[in-house]
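Encoded as structure tokens, the structure appears first; notes follow it.
The values are calculated or read from the model by the stated rules, or taken from the named source; none is laboratory data. Please read all numbers here as calculations on a predicted model, not as lab measurements. In this analysis, Cβ positions are derived from the backbone assuming ideal geometry, glycine residues included, and neighbour counts consider all displayed protein chains.
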Amino acid sequence: MAGTFNPAQPTAGTTQATASVALADHVSVPTVTSGAGVILLPGNGSDIRSVLNADQSTQLLVYPPVGSQFNGITVNLPLTLPPAKGALFVFTSPTTIMAIFS
């Protein structure tokens, strides 16, 4: 898969404004603080991002870039990625993202 990878993405905050911005196109989060999240990097149509929640016990909030939405839900609303699960995010436009969970 094309793009950059970060195997040690940190998490932060409990809102989109305070969550940690992804440091690469594809990230693995080894440790999640309860209620914390990560924001995807912005993208254009057909760009792909992925997130792996490698934490075995804590859910991860994944936020779209500001002004964007996942799967037609409310703009800026996060998705919850369960422990030990991954997700693929396909940008259909800069503000619309299709989320596919493993």
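In the set (1) in contact with a Lys or Arg (Cβ under 8 Å, 6 or more places away or on another chain); (2) at pLDDT 95 or above; (3) not small (G, A, S), F101 fails one condition alone, (2). Only residues that are in contact (Cβ under 8 Å) with a residue 24 or more places away in the chain, at negative phi and out of contact with any Ser or Thr (no Cβ under 7 Å at 6 or more places or on another chain) were counted across segment 67-86, and they come to 4. Restricting attention to segment 27-66, the residues that are farther than 12 Å from A12 by Cα, part of a strand (DSSP E or B) and out of contact with any Gly (no Cβ under 6 Å at 6 or more places or on another chain) add up to 7.
Within segment 37-49, if we keep just the residues that are surrounded by fewer than 21 Cβ atoms within 10 Å (Cβ to Cβ) and under 13 Å from the mean Cα position of the chain (by Cα), the residue that is nearest to F91 (Cα to Cα) turns out to be I48. Just to be sure before I move on: is A24 without any contact (Cβ under 8 Å) to a residue 60 or more places away in the chain, hydrophobic (A, V, I, L, M, F, W, C) and more than 18 Å from F91 (Cβ to Cβ) in the structure I sent? The answer is no for A24.
Among the residues of segment 71-90, is there at least one that is part of a loop (DSSP other than H, G, I, E, B) and of a type in the set (S, T, Y)? There is at least one residue in segment 71-90 that is part of a loop (DSSP other than H, G, I, E, B) and of a type in the set (S, T, Y). Does any residue of segment 69-91 turn out to be surrounded by fewer than 19 Cβ atoms within 10 Å (Cβ to Cβ) and among the basic types (K, R)? For segment 69-91, residues surrounded by fewer than 19 Cβ atoms within 10 Å (Cβ to Cβ) and among the basic types (K, R): present.
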